[in-house]
1. Can you name the residue in region 1-22 that is under 14 Å from residue 87 (Cβ atoms) and among the aliphatic types (A, V, I, L, M) and, of all such residues, is surrounded by the most Cβ atoms within 10 Å (Cβ to Cβ)?
2. Going residue by residue through region 137-145, is there one that turns out to be assigned to a loop (DSSP other than H, G, I, E, B), out of contact with any Lys or Arg (no Cβ under 8 Å at 6 or more places or on another chain) and not charged (D, E, K, R)?
3. With farther than 27 Å from residue 151 by Cα and of a type outside the set (A, V, I, L, M, F, W, C) as the only criterion, which of 73, 63, 16 stands out?
4. If we scan region 101-118, do we find a residue that is of a type in the set (Lys, Arg) and either within 14 Å of residue 29 (Cα to Cα) or not in a helix (DSSP H, G or I) (or both)?
5. Looking at (1) without any contact (Cβ under 8 Å) to a residue 12 or more places away in the chain; (2) of a type outside the set (A, V, I, L, M); (3) within 16 Å of residue 29 (Cα to Cα), find the lone condition where residue 58 falls short.
6. Based on what the data block shows, is residue 79 over 27 Å from residue 160 (Cα atoms), surrounded by 14 or more Cβ atoms within 10 Å (Cβ to Cβ) and modelled with pLDDT under 95?
7. Taking residue 165 and the conditions (1) without any contact (Cβ under 8 Å) to a residue 40 or more places away in the chain; (2) under 24 Å from residue 35 (Cβ atoms), which numbered condition does it fall short on, given that it satisfies the others?
Amino acid sequence: MDEGRERREAEAEADGRVLNSVLRLRILRLCLDEPLTNKEVADRLGKDPATVYHHVRRLAERGFLAAQPERTGARGAREVPYLATRKSWHTPLPDGGSRLLVETFLAELAEAEPRTVSTVRLGLRLTPEAKAEMLSRLREVLVEYADLPPVPGAAPWSVFLAVHEDTQRADQR
């Protein structure tokens, strides 16, 4: 294997390790379209600021959060807000990453107002080609909406999509 490829693989692995945390994924979501300071993130998550700072620092070191211009806080202290770079959208998660996303989704869903949640669940029978086409089309739609510029004052929404083999129905082929 050439040196450049090894370096890229090592970088991708390091990025995956940094994302391997429900708390870090929740921090990225909070900072998606609004720069927040470490204290603001900690307050919104109900966590200790020192704990959150460790995670914010790791995310910033790997380029998942970008420091914004410093500002002065309410008591005159220097504050650094951070904004998500959206790098995580293109970063493969390590093995077990799907379970991590489900855990993150469930943590966020637990805090959501039930009347604002829309869900769909269905079973399909697809050829490998049809499944690949469906996933491609779904990704195109999601990327189209993810790339829209944020609209000030618009309601923030989260989308979670999971496609898995229905092992209990697999014997019925």
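1. 19
2. Keep residues of region 137-145 that are assigned to a loop (DSSP other than H, G, I, E, B), which gives none.
No: zero hits.
3. 16
4. Of all residues in region 101-118, those of a type in the set (Lys, Arg) come to 115.
In the following step, the residues that additionally are either within 14 Å of residue 29 (Cα to Cα) or not in a helix (DSSP H, G or I) (or both) were identified as none.
No, region 101-118 contains no residue that is of a type in the set (Lys, Arg) and either within 14 Å of residue 29 (Cα to Cα) or not in a helix (DSSP H, G or I) (or both).
5. (1)
6. yes
7. (2)
To keep it simple, each residue is scored yes or no on (1) surrounded by 13 or more Cβ atoms within 10 Å (Cβ to Cβ); (2) under 21 Å from residue 32 (Cα atoms); (3) over 15 Å from the mean Cα position of the chain (by Cα).
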{"residue": "69", "(1), (2), (3)": "no, yes, yes"}
{"residue": "72", "(1), (2), (3)": "no, no, yes"}
{"residue": "88", "(1), (2), (3)": "yes, yes, no"}
{"residue": "131", "(1), (2), (3)": "yes, no, yes"}
{"residue": "136", "(1), (2), (3)": "no, no, yes"}
{"residue": "141", "(1), (2), (3)": "no, yes, yes"}
{"residue": "148", "(1), (2), (3)": "no, yes, yes"}
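The values are calculated or read from the model by the stated rules, or taken from the named source; none is laboratory data. Only a predicted model underlies this, so the values are computations on that prediction, with no experimental measurement involved. Glycine gets a Cβ as well: all are built from the backbone with ideal geometry, and neighbour counts include every protein chain shown.
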